[in-house]
Every structure is written in structure tokens, then in C-alpha cells.
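The structure under discussion appears below in the form of C-alpha cells.
The values are calculated or read from the model by the stated rules, or taken from the named source; none is laboratory data. As the structure is a computational prediction, the values presented were derived from the model and not from experiment. Reconstructed Cβ throughout: ideal geometry from the backbone, glycine too, with neighbour counts over all protein chains shown.
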Amino acid sequence: MNGASDVAGDSLTFDDVLVVIPAWNEAPVIEQVVKSVLIEFPHVLVIDDGSSDGTAELAAAAGARTAVHALNLGQGGALATGLDVARQLPWVRWVVTFDADGQHLAGDAARMVDIARRDNLDVVLGTRFSGGTTNAGRWRRMTLRAATAYTRWSTGLKVTDTHNGLRVLSREFAARLHLRERGMGHASEILDQIAEQSAQWVEVPVDITYTQYSVAKGQPISNAVTILFDRLMR
Amino acid sequence: MASLILIILVLVGVFVLWRLSGSAHGGAARRLAFLAFFGVVVLTIAFPETTTVVANRMGIGRGADLILYLTAFGLMFLAAVSYLRSRSIEDRLAHLVSKQAADDAVARWDTRA
């Protein structure tokens, strides 16, 4: 579990990596995000989750492949579609999940894939809290800490950040991962499955940029209540 | 005593509905249940005092109270059934939307690659 490592970002090519970006009405930023990811990764798939602002067209114009939901399903549903595409493309070895609002850095994703490849891991999770710079507000930080405490207790995984959208999944793990939560509960669901399948995983510190845009677009802190309730109802 | 019986009623009903949801025999059982329900309704209309007799035997004072309780349970069952049904429809719809988007993306991948 040595998250802190010094793998060079460009040690290998990334043509066996599929970067999945779930996006719902992200027109203001999607082009910029796609372009920043394309610098590191040749294959970028934007899942347009029923947007009404032309997100898919903008993503395609920026050089991404697109999968378009006819209806809005939620981020979990969009990731499920991305995993389905990955399963159908035989060349995909690694799946990266990447938020569309510009809060992640492609360089972090590249470093995480290198670590996954080097150590033959099933899952690499980005974390905001073990090291990396964080400029989250106090309430957001406290809510995330509480969610983390709950997840540690319910899954037994010693994670430090439960709801980070930046992850690397091996093809094998992605193929076994069936997301039933269509909303934001998928983050906990992925951790549940890591625990259930005794998957090999590490956390890697990543930088998160809380821009005004990403905070406005991101989950309200109150979503923690919704997620917990939905999980208990399952 | 009365509340105990009522709680058991709820539990049995929920259990039965749970088992029936999605099973092939659901149709037949539901029809039989409806027949029984209508039988009881007809009986209580024909002999209104029977509700009070039954209620007294169950430890409930008035027949009207018994009917009120049964109505409340009926509503709860209805809510549970429609919740399960709408969730199942949502799941199927989501699967359809996701599958269509993924297959379409894969098809375009092959042609453009």
C-alpha cells in the first residue's frame, strides 16, 4: 500500500487505457477537460448523460469519443455505460474514471496508471487527503471525513477518501464491476466491491482543484444523507 | 392483542408481496386475492354487523375501526407495490439507455478507428 511513489508519468504509452468521463451539462468546461486529458491519453470517452447543452458535440469536437444517454441516469449510470464500452473493446487494459468538471489533473491519472501497471493492481484510487494539496471548505472536508469513517467501518477498507472521482480500474476488475446505484452511491458501491472481491488496491494522493465551477457543479454536501439512505434501503 | 395481530398481518402481507413480485404465479395469486377481497366487501355490505363481530373478536371496539385499519394497510401495500414496480421499471429503462449508448459508441469506434 505504498501510495507515495515516484513513477515517471511518461514511462509507458497509454494506448491501452480508456479514460471514461461522465458528463451532464458540462458545456462550459468539457472541451478544455477533454483536451487536457488527450495530452496524456489517446482514448477518451465522454458519456453524455442526457445533456441538453450540447456537451456530446463539444466533447467530440475536442477529440473525444462519445456515448450518449437518451435520458439522464446519474453518474453511476454513466460509469456503468463506460464500463460496458470498455468490456466490448478488446484492447482496453485499464479504465480511468475522470470527472468532467475539471477538478482532476490528467498527469495524476497517468501516474496512477503507471503505478497500477507496475504493481499489477486491480484498483488505484485518488485521494484528496493523504498529502496532496486540498482547498476544500471546512464543511465539505468534515462531510467527506464522516463518509470515510462510515465506509471504513462498513467495508473494512482503510481508505482516506471515499468519493474521489479519479480512479484506475484493471480490465478484469472493471469486467466484474456491476454498478446498480445510478446516482452518486456508486462511489461507495465500488469500494464495497473492492472489499468483496479482495481486490488489490492502493490510494495515491492527487491534486483537486475546487474551482468555482466545480463546486457549483459538484455534489451538495447534503447528498451524503441521500447516499446513506439509499444504501440502507438496498 | 389487537396490535399484535395487525403487525403480523402487515408482516405476512409484505412477505407475500415480496415473494410474488416478479414471479410467474403473481398473476393468478393476485386474481385470487382480489376475488377474496371482493367477497369480503360484499359480505360486509350484506351483513354490516359482521365487521363489529369480527372486530370484537380481534379486540377492536368497533367494526368501523377495523375497516379503517384495513384501509390503512391496503394503502401501505399499494404504496409498497407501486414503489417496487416503479423501481423495476426504472432499472429496466436505465439498462436500456445504457446499453443503447454503449453499443452505439462501440459501433462508431470500429468504423472510425
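A few notes on this one:
- Any pair with Cβ under 6 angstrom, 6 or more apart, that starts in the stretch A:70-95 at a residue that is at pLDDT below 95 and ends at one that is among the aromatic types (Phe, Trp, Tyr): none
- The residue list B:Asp110, B:Asp103 contains one member that is surrounded by fewer than 10 Cβ atoms within 10 Å (Cβ to Cβ), over 13 Å from the mean Cα position of the chain (by Cα) and either of a type in the set (Asp, Glu) or at pLDDT below 85 (or both), which is B:Asp110.
- From A:Val113, A:Val95, residue being under 25 Å from B:His95 (Cα atoms), buried (at least 21 other Cβ atoms within 10 Å of the Cβ) and not charged (D, E, K, R): A:Val95
- Every residue from the stretch A:47-82 that is among the charged types (D, E, K, R), in a loop (DSSP other than H, G, I, E, B) and more than 18 Å from the chain's Cα centre (by Cα): A:Asp53
- For A:Leu125: the one exception among (1) buried (at least 23 other Cβ atoms within 10 Å of the Cβ); (2) in contact with a helix residue (DSSP H, G or I) (Cβ under 7 Å, 6 or more places away or on another chain); (3) in contact (Cβ under 8 Å) with a residue 40 or more places away in the chain; (4) away from chain B (no Cβ under 14 Å): (2)
- Taking every residue in the stretch B:69-80 that is outside any helix (DSSP H, G or I) and pairing it with any residue that is surrounded by 13 or more Cβ atoms within 10 Å (Cβ to Cβ) and among the basic types (Lys, Arg), at least 6 positions away or on another chain, yields no pair with a Cβ-Cβ distance below 9 Å.
- The numbered conditions (1) within 14 Å of chain B (Cβ to nearest Cβ); (2) surrounded by 18 or more Cβ atoms within 10 Å (Cβ to Cβ) are all true for A:His178 except (2).
- Residue match in the stretch B:80-94 (condition: modelled with pLDDT under 95, farther than 30 Å from A:Trp91 by Cα, more than 14 Å from chain A (Cβ to nearest Cβ) and loosely packed, with under 11 Cβ neighbours inside 10 Å): yes
- Taken residue by residue, the stretch B:42-63 has no member that is closer than 25 Å to B:Asp91 by Cβ and either surrounded by 14 or more Cβ atoms within 10 Å (Cβ to Cβ) or modelled with pLDDT of 85 or more (or both).
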